[in-house]
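Okay, structure first, notes after.
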Amino acid sequence: MISTLSPSPSILLIRPDRIGDAIITTPTIQLLRQRFPDATIGLLLGAKNAAVAELMPEINRTHLLPVSAAGALKVMGQIRGEVYDVAINLVANDSASATAIAAASGAKWKIGFAGESSNIYDVAIPRPTGPMHIVRETSLLLAPFGIPPIGPQPSGDHERLRVRLKTESNAGTMVVLNISGSEPSKYWGTEQFVGLGRLLGVLGMQVAVACKPSDGALAEHIANKAEVQLIPSTPSFAQFAEYLADQAGMIVTPDTSIVHLSAALGKRTVVLAADANSIAAWQPWGVPFRVVDGKGDLAAITPQSVLKPIFELLMP
């Protein structure tokens with residue numbers, strides 16, 4: 001237990017991995033803010049998730065770690081200049097880069113999960129011995145502040161995923177098909193997306209195709225072939241989130257980053273998974289959802305097999 005902190009400590013949260021990883025951290029940030037309402041909370045993001053920076057709630061400072069060594073050294077100098085009381089490495093695995101950031105932060109107290117780098121932490125939190133959702137696992141790092149972990153399911157709004165929007169999320173009616181994944185193995189397939197879009201269109205549903213900017217041409221091809229809408233390209237990830245918040249009623253996606261954004265927006269979610277067991281700890285948190293299991297092969301999921309979970313979620 002850390003007992004020497006002031007009522008208004010400065011706390012650095014280290015999360016330089018992916019967009020979804022940053023979003024799943026938001027319940028932990030909310031609990032930390034409730035414990036220390038006057039704290040200065042800084043968040044370090046990396047090149048892969050910097051786009052989510054303006055969506056992160058309860059944060060006073062954001063540090064963006066560039067890819068270049070010179071840029072990284074400059075940012076680390078800025079962090080040391082802030083003189084943080086506590087640095088928390090939120091990365092669950094033994095990440096050498098995240099550990100190095102914690103070690104070099106200059107914080108008086110350093111907290112992280114026990115593992116290969118336990119010696120650099122003042123408090124090393126034991127990893128869970130059994131299966132646990134990543135949202136709950138992340139909250140274990142708050143134990144040194146006397147904050148109990150989140151339960152197996154969110155107990156209220158303070159334990160749900162959050163993003164900071166300019167407007168309230170609406171109860172949209174559109175089924176959004178996100179075609180993009182964080183890696184090629186997460187692409188379901190052109191004919192599969194086209195087939196699902198056509199089936200939903202025949203059934204009278206509003207359908208739109210979404211993607212990351214680099215997949216724009218492919219998304220346009222799928223939307224045209226399926227005769228559904230194309231979500232227009234947006235200048236920022238935050239504006240993309242605003243569009244989904246306003247228009248989407250449900251999101252179908254093979255990518256866990258969009259799974260967590262969907263949950264943060266309070267949207268019903270259908271996850272397309274090559275192996276459902278492998279994503280059990282990363283399932284949507286706090287919203288109605290279904291996982292469609294490819295039993296080892298994402299492309300083996302048929303458009304017809306996705307219809308049932310979509311309509312199960314649409315039932316009142």
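The values are calculated or read from the model by the stated rules, or taken from the named source; none is laboratory data. Remember, it's a predicted structure, so these values are computed and weren't measured experimentally. Every residue, glycine as well, gets a Cβ built from its backbone with ideal geometry; the counts of neighbours run over all protein chains shown.
Brief remarks follow.
- The condition of being within 20 Å of the chain's Cα centre (by Cα) and of a type outside the set (Asp, Glu) holds for only one of Val83, Val52, Val67, that being Val52.
- Residue ID - surrounded by the most Cβ atoms within 10 Å (Cβ to Cβ), chosen from residues in region 15-35 that are out of contact with any Lys or Arg (no Cβ under 9 Å at 6 or more places or on another chain), in contact (Cβ under 8 Å) with a residue 60 or more places away in the chain and not polar (S, T, N, Q): Ile24
- Only one entry in Arg136, Arg127 is among the basic types (Lys, Arg) and surrounded by fewer than 17 Cβ atoms within 10 Å (Cβ to Cβ), namely Arg127.
- If the condition is being in a loop (DSSP other than H, G, I, E, B) and closer than 25 Å to Gly151 by Cα, then region 113-128 contributes Ala114, Gly115, Pro126, Arg127, Pro128.
- Sole exception among (1) surrounded by fewer than 22 Cβ atoms within 10 Å (Cβ to Cβ); (2) assigned to a loop (DSSP other than H, G, I, E, B); (3) modelled with pLDDT of 95 or more for Pro316, by number: (3)
- When Asn93, Asn60, Asn89 are screened for being within 30 Å of Glu242 (Cβ to Cβ) and either within 19 Å of the chain's Cα centre (by Cα) or modelled with pLDDT of 95 or more (or both), only Asn60 passes.
- Among the residues of region 145-154, those that are surrounded by fewer than 18 Cβ atoms within 10 Å (Cβ to Cβ) and over 19 Å from the mean Cα position of the chain (by Cα) comprise Gly146, Ile147, Pro148.
- Taken together, the criteria exclude Ile101 from residues that are β-branched (Val, Ile, Thr), touching an Asp or Glu at 6+ places or on another chain (Cβ under 7 Å) and buried (at least 19 other Cβ atoms within 10 Å of the Cβ).
- Total residues in region 75-105, condition over 15 Å from Pro16 (Cβ atoms) and free of Cβ contacts under 8 Å to residues at least 12 places away in the same chain: 2
- Gln78 vs. criteria at pLDDT 95 or above and over 17 Å from Lys108 (Cα atoms): no
- Of all residues in region 194-217, those being surrounded by 17 or more Cβ atoms within 10 Å (Cβ to Cβ) and under 23 Å from the mean Cα position of the chain (by Cα) number 6.
- The requirement of being in contact (Cβ under 8 Å) with a residue 24 or more places away in the chain, more than 24 Å from His158 (Cα to Cα) and crowded, with 23+ Cβ neighbours inside 10 Å is fulfilled somewhere in region 257-272, by at least one residue.
- Within region 188-202, not a single residue is hydroxyl-bearing (Ser, Thr, Tyr) and modelled with pLDDT under 95.
- Residue check, Gly181 within 30 Å of Asn277 (Cα to Cα), part of a loop (DSSP other than H, G, I, E, B), modelled with pLDDT under 95 and in contact with a Pro (Cβ under 8 Å, 6 or more places away or on another chain): yes
- Whichever residue in region 155-167 is in contact (Cβ under 8 Å) with a residue 24 or more places away in the chain and not in a helix (DSSP H, G or I) and, among such residues, is surrounded by the most Cβ atoms within 10 Å (Cβ to Cβ): Leu161
- Counting only helices (runs of 4 or more DSSP H) wholly contained in region 1-88, the ones carrying 1 or more residues that are touching a Gly at 6+ places or on another chain (Cβ under 8 Å) and of a type in the set (D, E, K, R) occupy 26-35, 69-82.
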